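J.: Handing you a structure now.
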Amino acid sequence: VISFSAGAISFTHILKATEPVWSALILAVGFKEFLPLPVYLSLVPILGGVGLASMKELSFTWLSFTAGTISAVTSATKAILSKKILDGKPLGENLTPANMFAVLTILGFLFILPPSLLIEGPVKVKAAWAAALAAGYTKTQLLRLLSVSGFLYYLYNEVAFLALSEVAPVTHAVTNTVKRVVIILASVVVFRTPVSPLGMIGSGVAIAVLLHIPSLRTSVNKL
């Protein structure tokens, strides 16, 4: 969310599309689980593509870049640790993937509530609410948008968690990229986000290679 607020939606999702890269690195460094060499080699053009997109991003800010990168790293870590738990011994009764996501959501809320209140506080929340009303929204519209957005976001994450229980973390991260392609294209069309030619080339290279990773892993495993 911080990355979204500080830059373009398309740029944030380009950064978050590097999640498979971080998944591969975390698995190798933290868990000594290695992927085939061709998969690691494919990470080079991904990083190069993101670098090009970052260099020529017309709405580039360091805050957006940093927050987007941190989001990708933490998301990859969460998926790996969650997969380890899902594949391990049952920790309790009825701890299905959907229920586990619900538990993680509650714990995450409890952990993030104190720093959120400390950093933002009632004053900033009231100011943001007043700014939204000043932009032409009614209280009913804002509450409706917040409710629908929250419900859909939770539903999306729960479905993603169900998918994670069936596939490897890197594969899960790659399939997430398909969603980001749609969002990037939609943000360019709907919000008319300015994108430089080099930025489009860099984004295209990174996304194209990311989408090729699952078939690359399958081909190597057949050898």
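J.: Using 7 Å Cα-to-Cβ label points, what is the Y137/F111 separation (nm, one decimal)?
T.: The two pseudo-label positions are separated by 2.8 nm.
J.: While we're here: Holding the Cα-Cα limit at 28 Å, pick out from K78/K126; K16/K83; K32/K78 the pairs that are longer than that.
T.: Beyond 28 Å: K78/K126.
J.: Right, something else. What's the exposure ranking of F34, F161, F11, F60, going from fewest to most Cβ atoms within 10 Å?
T.: F34, F60, F161, F11
J.: Which ³J(HN,Hα) values, rounded to whole Hz and listed in residue order, are derived for the range 22-28 from phi using the Karplus coefficients 6.51, -1.76 and 1.60 in 6.51 cos²θ - 1.76 cosθ + 1.60 with θ = phi - 60°, glycine and proline given as x?
T.: For the range 22-28, the Karplus curve yields 5, 4, 5, 5, 5, 4, 6 Hz.
J.: With labels modelled as points extended 7 Å from the Cα through the Cβ direction, what inter-label distance (nm, one decimal) is found for A163 paired with L104?
T.: 1.4
J.: What is the order of K83, K78, K139, fewest Cβ neighbours within 10 Å to most?
T.: The most exposed by this proxy come first: K139, K78, K83.
J.: Any idea how far apart L146 and E120 come out in nm if each label point goes 7 Å out from Cα toward Cβ?
T.: 0.9
A short reminder: the numbers here are calculations on the coordinates, not readings from a lab. Just so it is clear, the model here is predicted, and its values are computed rather than measured. When we count neighbours, we look across all protein chains shown, and the Cβ atoms used for this are built from the backbone with ideal geometry, even at glycine.
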